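> Quick one: structure below, then a few questions.
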Amino acid sequence: MTDRPTVLVVDDEVRLLQTVKRVLNSEFEVLTASSAADAEAILEQENVTVILCDQKMPGQTGVEFLKMVRERWPDPVRMILSGYSDAEDIIAGVNDAGIFQYITKPWEPEELVKSIRGAAHLYKLQRQNQSVSVEMKLSGAALEKMVARKQAVVRGASGFDRILRAADSPLEDVCGAARKVAVYDLPVLITGDSGTGKELMARAIHYGSHRADSVFLAENCGALPDELLESELFGCKKGAYTGAYEDRIGLFEQADGGTIFLDEIGETSPSFQVKLLRVLQENEIRALGAKIRRPINVRVIAATNRDLAKEVAEGRFRRDLYYRLAGFELHLPPLRDRPMDIPLLIQKMLSELQAKLGKSVSEIDKKAMSVLRSYHWPGNVRELQNTLQRMMVLCEGDVITADLLPDYITSPGSASPDGEGLNALAKQPGCLKTRVEQLEEIIIRTSLQKHRGNISRVSEELGLSRVGLRGKIDRYGLSKYPE
């Protein structure tokens, strides 16, 4: 008895049977048959994993034989080995006989072994899938309850009540407006600085709508070049562009019936804006390389840290697309305009960091809290989170104290990450090289923050190569700067 996959090779050429057996024998149990009748006799007696059959055989083609095999023994993975590449044979093999792969002669031994190995893996997955399918049928009611419980958990974690804010916070009015628009199937445009929680707001709108039981998908439109972004959102057919090795279902199609969140929409190119506009106008998508259009039913929530109205006025963003996206506009205030929310955010972050870092720090003293509330937070909530994480790592007791605050927060004249205090930096003692490096670090940090860690955009803005920028990021310890 062996655990190795069993391969049945069917060919009327005896020498070829011997060659194939010699190539496969080290990894598989190999059975050979010189005719369809001999192969049938073997299948009657043996549990076969993969069938490798020649196409041109006396009396019956390989496709005809495997079509019969498919009806009587559907489990083995079927493959054709042939010196011919007739398109009709290939189509018939795929459609009628369920051929997994069509291998042409002459073949390379290593490639043949690799193909058979892949077929054996597919057979294993099919068997596992059958087992799982049976279990699912037996426990369908339990699965429905499990899905309902998980959906309830997600709703609870993503609703408006989870957006932390004080009663007198300017965010309270924004959440009130968002709660009202959520029930209407309108596109929403969320504006605000990076790190203000635009995706969190988008999720709350989705889970406050009638689409809450359907999917919510998000895509950062500023992180991909046009071709890849189109592929991600609209899908593509194999071979549509260099690197498209398989068919891809786009996010718009996956989100059908639900919501799609398009972050950094202001970073898209004019050519992509035209294509997105058509999708929103027609409510249908066409995958790259495809001829057929597919209807979609998707709510679009877009977000940007740019002033899109100004971008429209200056010709960098299409006016018609802007009005398509801004069916209802929400602006999230920066953290500097909501200091009353900082204690609530810190308490939540401390709780999360306790679990993440395994430390018992659960409090921050009054002096440190006062400084944190008065700081202007150019990086918004993400910067607050990073600052708190750094302080918690350095903390040796149970309470975070003011002496753990970064210098740029505690010293009014120091250079903060957004570039303020540069005059003070220029007046500090020290050699020119040291002060220039400090200035360089501030500029790179500011650009990383502005572009949310997008290396391509930062290198373009600063006139650096990607390699050179990477070197400076490593030198100044900016690789973990919030994206």
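Here, each number is a calculation from the coordinates, and none is a lab measurement. Predicted model only: the values in this text are computed from it and were never measured. Please note: Cβ atoms are built from the backbone with ideal geometry, for glycine as well, and neighbour counts cover all protein chains shown.
> Please give the length that would be gained between Ser465 and Lys356 if that part of the chain were fully extended, namely 0.36 nm times their separation in residues minus their C-alpha to C-alpha distance (nm, one decimal).
35.7 nm
> Between beta-carbons, use under 15 Å as the cut-off and find the net charge around Leu404, counting Lys and Arg +1, Asp and Glu -1.
On the way: positive: Lys359, Lys366, Lys367, Arg390; negative: Glu363, Asp365, Glu396, Asp398, Asp403, Asp407.
Here the charged neighbours net out to -2.
> What's the FRET efficiency of Glu227 with Ile292 using the Cβ-Cβ distance as r and R₀ = 25 Å, to the nearest 0.05? List each step's numbers first, then the result.
Working: r = 20 Å, r/R0 = 0.80.
The formula returns an efficiency of 0.80 here.
> Name the residue from Thr410, Met391, Ala313 whose Cα lies farthest towards the positive end of the charge dipole of region 273-410, charges +1 on Cβ of Lys and Arg and -1 on Cβ of Asp and Glu.
Ala313
> How high is the FRET efficiency between Ser35 and Glu284 when r is their beta carbon distance and R₀ equals 60 Å, given to the nearest 0.05? Don't jump to the answer; show the numbers that get you there.
Values: r = 53 Å, r/R0 = 0.88.
Efficiency, rounded to the nearest 0.05: 0.70.
> Give the shape of region 215-307 as rounded, prolate or oblate, defined through the alpha-carbon gyration tensor: a ≥ b ≥ c are the square roots of its eigenvalues, a/c under 1.5 means rounded, and otherwise the shape is prolate if a/b is larger than b/c and oblate if not. It would help to have the intermediate numbers written out before the result.
On the way: a/c = 1.65, a/b = 1.23, b/c = 1.33.
Taking the square roots of the gyration eigenvalues as a ≥ b ≥ c, region 215-307 is oblate.
> May I pose another question? Quick one: net charge around Gly257, please, counting Lys, Arg +1 and Asp, Glu -1 for every other residue with C-beta under 14 Å from its C-beta. Can you show the working numbers first?
Working: positive: Arg211, Arg294, Arg299; negative: Asp185, Asp213, Glu253, Asp256.
With Lys, Arg at +1 and Asp, Glu at -1, the neighbours total -1.
> Between Arg336 and Gln45, how many nm apart are label points set 7 Å from Cα along the C-beta direction?
The two pseudo-label positions are separated by 8.5 nm.
> Hey, what did region 1-43 get for relative contact order, percent, Cα under 8 Å, at least 6 apart?
On the way: 50 pairs, mean separation 19.8, N = 43.
Averaging sequence separation for qualifying contacts and normalising by length gives 46 percent for region 1-43.
> Something else now. Please identify every one of the trypsin sites (Lys or Arg not before Pro) in region 259-330 that sits in a loop by DSSP and has no more than 11 other beta carbons within 10 Å of its own beta carbon.
On the way: sites: Lys275, Arg278, Arg286, Lys291, Arg293, Arg299, Arg306, Lys310, Arg316, Arg318, Arg319, Arg324; in loops: Arg286, Lys291, Arg293, Arg306, Arg316, Arg318.
Passing sites in region 259-330 are Lys291.
> Still on this model: When the Karplus curve 6.51 cos²θ - 1.76 cosθ + 1.60 is applied with θ = phi - 60°, which whole-Hz ³J(HN,Hα) does each residue of region 352-369 get, with x for Gly and Pro?
Here the 3J(HN,Hα) series is 5, 5, 4, 5, 5, 9, x, 10, 8, 5, 9, 8, 10, 6, 5, 5, 4, 4 Hz.
> Which of the residue pairs Lys356/Lys472; Lys433/Lys472; Lys21/Lys114; Lys198/Lys310; Lys198/Lys348 have a Cα-Cα distance greater than 22 Å in the structure shown?
On the way: Lys356/Lys472 29 Å; Lys433/Lys472 15 Å; Lys21/Lys114 14 Å; Lys198/Lys310 20 Å; Lys198/Lys348 18 Å.
Long pairs (Cα-Cα over 22 Å): Lys356/Lys472.
> Compute, for region 280-339, the length of the dipole vector about the Cα centre, with Cβ point charges of +1 (Lys, Arg) and -1 (Asp, Glu) only. Units Debye, rounded to 20.
Details: 13 positive and 8 negative charges, 53 e Å.
With only Lys, Arg, Asp and Glu charged at Cβ, the dipole is about 260 debye.
> If you place +1 on the Cβ of every Lys and Arg, -1 on the Cβ of every Asp and Glu, and leave all else neutral, what size is the dipole of region 160-271 about its Cα centre, to the nearest 20 Debye? Write out the running numbers ahead of the final one.
On the way: 10 positive and 20 negative charges, 66 e Å.
Using only the charged Cβ atoms, the result is roughly 320 debye.
> In nm, to one decimal, how far is the modelled label at Asp213 from the one at Gln128, with both set 7 Å along Cα→Cβ?
Going by the 7 Å Cα→Cβ label model, 3.2 nm.
> Compare the peptides 32-44, 195-207, 372-384 by average per-residue count of other Cβ atoms within 10 angstrom and give them in order, highest first. Mind dumping the intermediate values first?
Details: 32-44: 16.5, 195-207: 22.4, 372-384: 20.0.
Going by the mean number of other Cβ atoms within 10 Å, highest first, we get 195-207, 372-384, 32-44.
> While we're here: Name the GluC sites (Glu not before Pro) in region 308-366 that are in a loop by DSSP and that have at most 13 other C-beta atoms within 10 Å, would you? Intermediate values should be presented prior to the final figure.
On the way: sites: Glu311, Glu314, Glu329, Glu352, Glu363; in loops: Glu314.
Loop-located and lightly packed - Glu314.
> Run down the aspartates and glutamates and flag those whose C-alpha is under 14 Å from the C-alpha of Lys367, throwing out any fewer than 8 positions away in its chain.
Partners found: Asp403.
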